[in-house]
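Read the structure below first, then the notes.
The values are calculated or read from the model by the stated rules, or taken from the named source; none is laboratory data. Computed from a predicted structure; not experimentally measured. When we count neighbours, we look across all protein chains shown, and the Cβ atoms used for this are built from the backbone with ideal geometry, even at glycine. Protein only, heavy atoms only, side chains kept; ligands, DNA and RNA dropped before computing areas. Shrake-Rupley method; radii C 1.70, N 1.55, O 1.52, S 1.80 Å.
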Amino acid sequence: MTLDPSLHDEILATVPSLRAFAMSLTGHADRADDLVQETLVRAVANIHRFEVGTNLNAWLFTILRNLFHSEYRKRQREIEDADGSYAARLSVPPEQGSRLDFEDFRKALAAIPLDQREALLLVGAEGLSYEEAARVCGVAVGTIKSRVNRARSRLAQMLSVEQGEEFEPDPAIKAAVQGTPGS
């Protein structure tokens, strides 16, 4: 695409004014120069949107101003971390452990007797009371309580979960995520 020579000259004539405006916005010569350069690149790339006969200065100043505000909003979300110390403190626990744990749980749940699994799911997963679960299964409340208890005990045994053990990352994972020496 070729730029009309008169429009080219008119754009170049606005550069000092654009730079002065950019300096007033940024307060830094290098950032102002970058802003003017990006303005000119965008203007030339979108010159087909400029209506000949309208105010070219206003169009270019609008582009510059919009670029400045976009950059400002972007900088508000960014954190300067030249030496990488902030990034070094960021960590995310690995996801595969919970997926593997869930798969183990799913297999163990499938391995317990159907009547116990049904009672456990009604009470534990669906949130039904023992009485409601007993009505659903057509058995006595005591039978549901017994089935739930046996199912919980069997799952704990199959998953090697000790009584009262909390379900959270193991100490090595917690240490790695917190950046403290391992256990």
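A search for C-beta distances below 8 Å between a residue of the range 133-146 that is within 13 Å of Leu120 (Cα to Cα) and any residue that is assigned to a loop (DSSP other than H, G, I, E, B) and of a type in the set (A, V, I, L, M), counting only pairs 6+ apart in sequence or on different chains, returns Ala134/Ala140; Val136/Leu128. Taking the range 85-121 as the range and being of a type in the set (A, V, I, L, M) and under 25 Å from the mean Cα position of the chain (by Cα) as the test, the residues that pass are Ala87, Ala88, Leu90, Val92, Leu100. The single residue among Arg65, Arg42, Arg49, Arg73 that is farther than 30 Å from Val161 by Cβ, in contact (Cβ under 8 Å) with a residue 40 or more places away in the chain, open to solvent by 80 Å² or more (accessible area, probe 1.4 Å) and basic (Lys, Arg) turns out to be Arg65. Scanning the range 9-16 finds no residues that are farther than 16 Å from Arg75 by Cα, outside any helix (DSSP H, G or I), touching a residue at least 12 places away in the same chain (Cβ under 8 Å) and open to solvent by less than 60 Å² (accessible area, probe 1.4 Å).
Note on the range 52-62: among residues that are among the polar types (S, T, N, Q) and more than 36 Å from the chain's Cα centre (by Cα), the one that is surrounded by the most Cβ atoms within 10 Å (Cβ to Cβ) is Asn57.
Being farther than 30 Å from Ser6 by Cα, open to solvent by 90 Å² or more (accessible area, probe 1.4 Å) and free of Cβ contacts under 8 Å to residues at least 24 places away in the same chain: is that true of Gln96 here? Yes; evaluated as a whole, the condition is true for this residue. Would you confirm whether any residue within the range 92-103 is closer than 30 Å to Arg152 by Cβ and hydroxyl-bearing (Ser, Thr, Tyr)? Yes, that holds for at least one residue.
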